[in-house]
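Chemist: Here it is, the structure, as C-alpha cells.
Nothing in this text is a laboratory measurement; each read-out follows from the coordinates by a stated rule. Not measured: the values here are computed from a predicted model. We place every Cβ from the backbone using ideal geometry, glycine too, and count neighbours over all the protein chains shown.
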C-alpha cells in the first residue's frame, strides 16, 4: 500500500477510529524510537555523549531539573 493510499484511508476514518489509530500510531512511533536508541546504545554510538555528560555532571556544570 502506498502512502497516498494510506492517507486516503486515514482521511475516511470516523472520529473514534481516528482516535484509536492515532493512539496506536503514537505507540508504534515510540516503540520504533526505543528500538533505535537501544541499537545506538548497543553499537556504542552514544558513548561519547555519555562521557561528556558525566564529565559535565562531575564538574558541577549541571543543574537539577
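Chemist: Round to a whole angstrom and tell me the spacing of the C-alpha centers of segment 1-27 and segment 40-59.
Modeler: What the calculation gives is 38 Å, centre to centre.
Chemist: Looking at (i) 16, 24, 19, 15, 11, 8, 5, 1; (ii) 22, 50, 26, 2; (iii) 17, 25, 23, 17, 16, 3, which value of P(r) over Cα pairs in 10 Å bins from 0, in percent comes from a calculation on the structure shown?
Modeler: The value computed from this structure is option (iii).
Chemist: Relative to the longest principal axis of the C-alpha atoms of the chain, give the angle of the C-alpha long axis of helix 15-42, reported between 0 and 90° and rounded to the nearest 10°.
Modeler: 30
Chemist: Just order 57-64, 3-10 by mean Cβ neighbour count inside 10 Å, highest at the front, would you?
Modeler: Ranked from most to least packed, the peptides come out as 3-10, 57-64.
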